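The values are calculated or read from the model by the stated rules, or taken from the named source; none is laboratory data. Owing to the predicted nature of the structure, the values given are computational and were not obtained by experimental measurement. Using ideal geometry, Cβ is built from the backbone for each residue, glycine included, and neighbour counts are taken over all protein chains shown.
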Amino acid sequence: MRRFLFSFVALLCLCVAVSAQVYLDASAPMEQRVEDALARMTLQEKIALIHAQSKFSSPGVARLGIPGLWCTDGPHGIRPEVLWDEWNQAGWTNDSCIAFPALTCLAATWNPDMALLYGQSIGEEARYRNKDVLLGPGVNIYRTPLNGRNFEYMGEDPCLAANMVVPYIQGVQAQGVAACVKHYALNNQEVDRHWVNVSVSDRALYELYLPAFRAAVVEGGAWSIMGSYNRYRHQYACHNQYLLQDILRGEWQFDGAVISDWGGTMQTDEAIRNGLDLEFGTWTDGLTDGTSNAYDVYHLAMPYLQKIQRGEVGTEELDDKVRHVLRLIFRTSMNPHKGFGAMASEAHIAAARRIAGEGMVLLRNERQTLPIASMNKPKPVILVVGENAIKHMTVGGGSSSLKAKYEVSPLQGIRSRAAEAGYQVAYCRGYVGDIGGEYNGVTTGQSLADERTPEALLQEAVAAAEKADYVVFVGGLNKAHQQDCEDGDRTQYNLPYGQDALISALAAANPRTVVVSVSGNAHAMPWAQQVGAIVQAWYCGSETGNALADVLFGDVNPSGKLPYTIMSSLSDYPAHQYGDRAYPGTNKEVEYCEDLFVGYRYADLYGTKRPLQYQALFPADNGQPAVEKTIRVVPPKHEPLYPFGFGLSYTTFAYGRSSLSDDTLRVTVTNTGSRAGQEVVQLYVADKKASVVRPRKELKAFQKVYLQAGESRCLTFIITPEMLQYFDAAQHQWHSEPGDFDLLIGSSSRDIKGKATYCL
Ligand code: BGC
């Protein structure tokens, strides 16, 4: 009788459950929907949900009407459709996108409103293409200028990256598309990226390498995050107990899904235990060698199922993974509130152009070389030189490569704007760099071969430069392998293809020589003092040429600031001062010997007499307990060539005195020039006396302000306790010490305009 009653109740519950279908009710609480769906799924369905079914998609639960997930790269445009099980494009004719500027450019705007606009725009493109997860943005810290993927990230400073990543995510997710923040964590180089183990102190981890990820999760509410390829504490980041379980889920309370990088899952047991939710890209043709359509042999597929069936592992972890993936599905593919999106709309085109123009950084402008002025003579000539003036850059660079609907090259942009200004434009190639233009079956269709010798190309350009009124050299790097590209770092700090000699020769031939660097990384500029002007122009996507012309002709007043320090030579970078062990590593091990002193934190030590020496706590690793290691940092021998936070304008700004009352710092900024412009006002905080070694100062806030000529504005910054803290590794908590702190208002990290002292 009892048995009968029990079965009856069970049947009743089942009927209620079947009829209720709470998981389909978008108005029901998320957790109820998740539990309801989970309860209805078979073991096989759960296993299917947590790994890929094709290159970029994972299945839902067809029987229950739960749709799957479609992912797309990211991070600066929507990747073309690829074949089911191959990296090659599928050859669709309706999948070309607007290419937005690379993320270094976005970071260089120092404008969170631009990040929101970016997120909304790219989110709409993703939505229109029916994508649920956008694989980006990337926020790995700029540690070395050789890193091939720096152009996909947001620079060297955690505060800048954190402030820019949050609105990007919010903009994307408002479209019902998940942002997938990558590559978590410590993926700061491409050499050996698939296995290198990073050894870093707890303090550097928490103070430099994690804050942008934390902001993405805690403030931005990212719905997914991508584990990186490298290892930390000798566990792969995609299934790393410390990064995923302890920090991401434990400390940051992340409730979204952890997605592996494509081919980043290496070990079944760890993948089960250590917090990976969704496995992509393992052992299929492409990144890693293997069989095609091998989805069943993924770590989180048959191997996992068999372990459960053999009783070797339980289903607790599986249910948690399924919960995370279901939540991601409810937020995206089953989100009834999402819009329809749009592709290549006027608004997206305008956004791409605006962000690009705001991100370009004017590094030098002697004798007011720029903006290109109208001339009192018939048909003045602008000579454009350089391969990057014509080469399409939206194809290349690795997984962020795009099939752009169109791309306005610098030469085209300059040509059309110059015509309006009454200029003639001539073009010389100057050098031949990379003539490729293909990625996974997408081609630029350009034929860039040129058989002439380097000498002939140089002579032609110099002869033309002598006669021109302006010379605009457009060079830099180019997203070919080892020139700002995934899966390989640059091998030299100088510009490739003889560009340095060419630029010097052009500058000698014509004082009005402007150098435009199309790149996503710092490079040497031995000619910096010889040329009239330098513009850091990034990879700007579809609207590259128009945005560049906007800046060169003064339609847009430049307001970008460097998101990283440009040193004179590679040896000036701290990561390059400890030999191979600090970069690129030896025997698959890399040590972040420079510790906290990355970028301007290092450059600020210029003028310090003695090396800094201190003890830093490194976590337990490889069976060894946590240890204190000695960090020794030799101060730089040179000032940076162009410091972090630096960028010129066609107008000038004056800063009033900084005044502090209670927790509010006020500073008045005035546009003292004759045209409207924007200034980025930066707040750095320096602990005047601390019991631990701290960087000389750290960026804690910034504001971008638009001012008409002659206009003044008072900006306020609220000083929060977090701005004063350092990470106390022994206590494993943030801590601030009572005493005085300098609040430094700067127009760059090396141009401090005002100071106030805050007493804690
Ligand atoms: C990259 C990721 C990318 C993925 C899918 C990997 O090689 O590291 O950034 O999202 O491929 O294309």
Exercise. Any idea which residue in the stretch 67-80 is farthest from the ligand (Cβ to nearest atom), counting only those that are over 12 Å from SER399 (Cα atoms) and part of a loop (DSSP other than H, G, I, E, B)?
Worked result: PRO67
Exercise. Which of the residues spanning the stretch 53-66 are over 29 Å from ALA352 (Cβ atoms), assigned to a strand (DSSP E or B) and within 16 Å of the ligand (Cβ to nearest atom)?
Worked result: SER58
For this session: Could you please let me know if SER712 is closer than 16 Å to GLY656 by Cα, small (Gly, Ala, Ser) and crowded, with 19+ Cβ neighbours inside 10 Å?
Result: no
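How about the stretch 89-201: which helices (runs of 4 or more DSSP H) wholly inside it have at least 2 residues that are without any contact (Cβ under 8 Å) to a residue 60 or more places away in the chain, more than 16 Å from the ligand (Cβ to nearest atom) and of a type outside the set (S, T, N, Q)? Spell out how you get there, then give the answer.
Working: elements: 103-109, 112-128, 158-173.
Qualifying helices (runs of 4 or more DSSP H): 112-128, 158-173.
When residues of the stretch 277-296 are filtered for being at pLDDT 90 or above and either within 15 Å of the ligand (Cβ to nearest atom) or among the aliphatic types (A, V, I, L, M) (or both), how many remain?
5
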For this session: Looking at (1) in contact with a Lys or Arg (Cβ under 8 Å, 6 or more places away or on another chain); (2) within 23 Å of VAL692 (Cα to Cα); (3) surrounded by fewer than 22 Cβ atoms within 10 Å (Cβ to Cβ); (4) touching a residue at least 40 places away in the same chain (Cβ under 8 Å), find the lone condition where ALA603 falls short.
Result: (3)
Exercise. Only one of (1) of a type outside the set (Val, Ile, Thr); (2) in contact with a Lys or Arg (Cβ under 6 Å, 6 or more places away or on another chain); (3) over 27 Å from HIS76 (Cβ atoms); (4) touching a residue at least 60 places away in the same chain (Cβ under 8 Å) fails for GLN424. Which number is that?
Worked result: (4)
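Among the candidates TYR655, TYR684, which residue alone is within 23 Å of the chain's Cα centre (by Cα) and either under 24 Å from ALA108 (Cβ atoms) or surrounded by fewer than 21 Cβ atoms within 10 Å (Cβ to Cβ) (or both)? Can you show your working first?
Working: TYR655 fails: within 23 Å of the chain's Cα centre (by Cα).
Being within 23 Å of the chain's Cα centre (by Cα) and either under 24 Å from ALA108 (Cβ atoms) or surrounded by fewer than 21 Cβ atoms within 10 Å (Cβ to Cβ) (or both) holds for just one of TYR655, TYR684, which is TYR684.
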Exercise. Do you know which residues across the stretch 664-721 are of a type outside the set (Ser, Thr, Tyr), more than 19 Å from ALA756 (Cα to Cα) and assigned to a strand (DSSP E or B)?
Worked result: ASN671, GLY677, GLN678, GLU679, LYS704, VAL705, LEU707
For this session: Check whether at least one residue in the stretch 469-480 is free of Cβ contacts under 8 Å to residues at least 60 places away in the same chain, in contact with a strand residue (DSSP E or B) (Cβ under 6 Å, 6 or more places away or on another chain) and within 16 Å of LEU548 (Cβ to Cβ), and report yes or no.
Result: no
Problem set entry | the stretch 551-573 residues that are part of a loop (DSSP other than H, G, I, E, B), paired with ones that are basic (Lys, Arg) and at pLDDT 95 or above (beta carbon under 8 Å, 6 or more apart) | PHE553/ARG417; GLY554/ARG675; ASP555/ARG417; ASN557/ARG675; SER559/LYS704
Exercise. Take the residues of the stretch 615-639 that are in contact with a Phe, Trp or Tyr (Cβ under 6 Å, 6 or more places away or on another chain) and part of a strand (DSSP E or B): which is nearest to ILE566 (Cα to Cα)?
Worked result: VAL633
Seminar exercise, completed: By residue number, the members of the stretch 254-276 that are in a loop (DSSP other than H, G, I, E, B) and away from the ligand (no atom under 16 Å from the Cβ) are PHE254, ASP255, GLY256, GLN267, ASN274, GLY275
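Could you tell me which residue of the stretch 145-195 is farthest from ASN230 (Cα to Cα), considering only residues that are among the β-branched types (Val, Ile, Thr) and surrounded by fewer than 24 Cβ atoms within 10 Å (Cβ to Cβ)? Break it down into steps so the answer makes sense when it comes.
If we filter the stretch 145-195 for residues that are among the β-branched types (Val, Ile, Thr), which is where we start, we get 165-166, 169, 172, 177, 181, 191.
Keeping just the survivors that are surrounded by fewer than 24 Cβ atoms within 10 Å (Cβ to Cβ) gives 166, 191.
Working: VAL166: 24, VAL191: 10 Å.
This residue is VAL166.
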